Amino acid sequence: MPPWRFRSGDLACAMVIAVATATAASVVVAAGAADGEAEFDYRKLSGIIIPGFASTQLRAWSVLDCPYSPFDFNPLDSVWLDSTKLFSAVNCWLKCMLLDPYNQTDHPECKSRPDSGLSAITELDPGYITGPLSSIWKEWVKWCVDFGIEANAIIAVPYDWRLPPSMLEERDLYFHKLKLTFEIALKLRGGPSLVFAHSMGNNVFRYFLEWLKLEIAPKHYIQWLDKHIHAYFAVGAPLLGSTESVRATLSGTTSGLPITEGTARLMFNSFAASLWLLPFSKYCKADNVYWKHFFEGKAHINRQQCDEMEYSSDNSGWPTTLVSIEVPTVRGTDAYPSIMDITEDITSNMECGKPTLLSFSAREVSDGTLFKTMLDYDPQSKALIHQLEKYYQGDPVLNPLTPWERPPIKNVFCIYGIDTKTEVGYYFAPSGKPYPDNWIITDVIYEFERSLLSRSGHSFSGKPNNSSGDGTVSYNSLSWCKQWLGPKVNITRTPQVFYFLPAVIVLNVQTEGLGCQYPCFGYSNCCDYFLVVYHSVNFPFLVSPSCSFCRQNMMGLIYKQE
């Protein structure tokens, strides 16, 4: 079954929404008072949900006969995620899931499209048994109903999470539809919207904001945002990418599905959106993309421009080297190809000795150096380079694999879990098998409790963060939004033991010059505090609090485990 059940924490989604709602309400009142208004009716607000990767149902839009199986695919049949058809006809199911890795078109025999409405994001595989196991936003919506939120106040904007950003607009006009959704919500409710983006949904929203700059007149851009978006809640946002995407790209991640890692890799690599989650350096920015429109010929590639810190520091600002790969002495289409295929090469050219160990930083992953180096060892590298250059470095709107700047929205809330064991680096070696099973993971590096751990126990170099990530995304990526706070920050900590009591005890601390690395201030464990809120002192007119929940993973922030 899907991983969401197993990755969920004990934290109810209501906790996040309670914090979000209470904070939003206070911000609304403060905003109204600042503008000289007697009262701001926050009941006019709408909530717009942008789900994360693999968090939207996909439905078939074809008729596909599945031989040797009692189940076929017909229009509107569930594809992602129908566990019955996945178990009984996996090859047929894959046809409806796979995309062409070069042009992102559907399989010739089957195509799928995202479902619509709240039902598309509440449960991926509805059912008495499978429903709770694949629940995503169901508890969130249920809590909103119990709280008295009206039905037309919560709007889901599902998307095809397999597609890269430019293809979302080219094929589905997704960003045009998203713009209309904000405008309709304003017309319907009479007030602006609160944006709740989860995981990769934050990347989608970031791209939308950049796309909007080119869609409307520059002088109306900020006016449109102020009119239609009151606050943005970034929940579990991979602001600098996620190392798990590298694992899925090179060896495959089943995520609890009853398929092999090789099959999972084959499917994952057909989605160009998979590169949207690649980790990248915090020291590198893209070229200015606007000037290229004045030149004719081939589209300009948005190369990264890195400052001196990228080359003087280690690991591109990440805790350790992201990827280390053993490459074989003899090159070929497969890593360590069969002895029968290269007998002459073995006798004449092969040298004795250990394979070469190559290491790659976050910058070398996101700029394509990793995949270009692997061209001689992995047949999928060519397609990955094509996706990277066409859909990311060559994107006319934005190179998404560059550090975020603060969105030009007055109220921005960054919410994420911390202090969970999180993968931050991998060691790969050839398996001797053909693609897609040609790489195996020989070691994994984790961050946990302000230290770096190795699965094998071997030593390695690195610089651990003061906290660890949420189990999926590392702490440095989740907490990048703290850079938006400025050098002077107010820190409020809510003790774990008092969280459920009426009177909440808080600790106020003020610090300067620490960037994203805030210490525990004398406490042996930062998780003595359940909720930590960081608020800017330098820019009080811009609300940008960063809220971290202790011992909570990405899905635990929006889903309550029974």
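No lab work stands behind these numbers, since they all come straight from the coordinates. None of the values given here were measured: they were computed from a predicted structure. Note: ideal-geometry Cβ built from the backbone for every residue, glycine included; neighbour counts use all protein chains shown.
Residue by residue, the range 85-96 carries 3J(HN,Hα) couplings of 6, 5, 6, 8, 8, 5, 5, 5, 4, 5, 4, 7 Hz when phi is fed to the Karplus relation 6.51 cos²θ - 1.76 cosθ + 1.60 (θ = phi - 60°); x denotes Gly or Pro.
For the range 96-213, the direction-averaged projected area of the alpha-carbon convex hull comes to 9.1 nm². Taking 12 Å as the cut-off, the amide N atoms of the range 244-270 that come nearer than this to a point 7 Å along the Cα-to-beta-carbon line of SER431 belong to 250-254, 260-266.
Under 5 Å between amide hydrogens, built in the peptide plane, is the criterion, and for THR243 it picks out SER474 among residues at least 5 positions away or on other chains.
Under 5 Å from the amide H of TRP439 lie the amide H atoms of SER431, each residue being 5 or more positions distant or on a separate chain, with H modelled from the backbone and absent for Pro and chain starts. In sequence order, the range 166-182 has phi-based couplings of 5, 6, 4, 7, 5, 8, 10, 6, 5, 6, 4, 5, 5, 4, 5, 4, 4 Hz under the Karplus curve 6.51 cos²θ - 1.76 cosθ + 1.60, θ = phi - 60°, and Gly or Pro positions carry x.
Here the gap between LYS44 and HIS386, fully extended at 0.36 nm per residue and compared with their Cα-Cα distance, gives a gain of 118.6 nm.
Its convex hull of Cα atoms gives the range 48-88 a direction-averaged projected area, equal to a quarter of the hull surface, of 3.5 nm². Since only GLY486, SER474, PRO464 are under comparison, the one whose Cα sits farthest along the positive direction of the charge dipole of the range 414-490, derived from C-beta charges on Lys, Arg, Asp and Glu, is GLY486.
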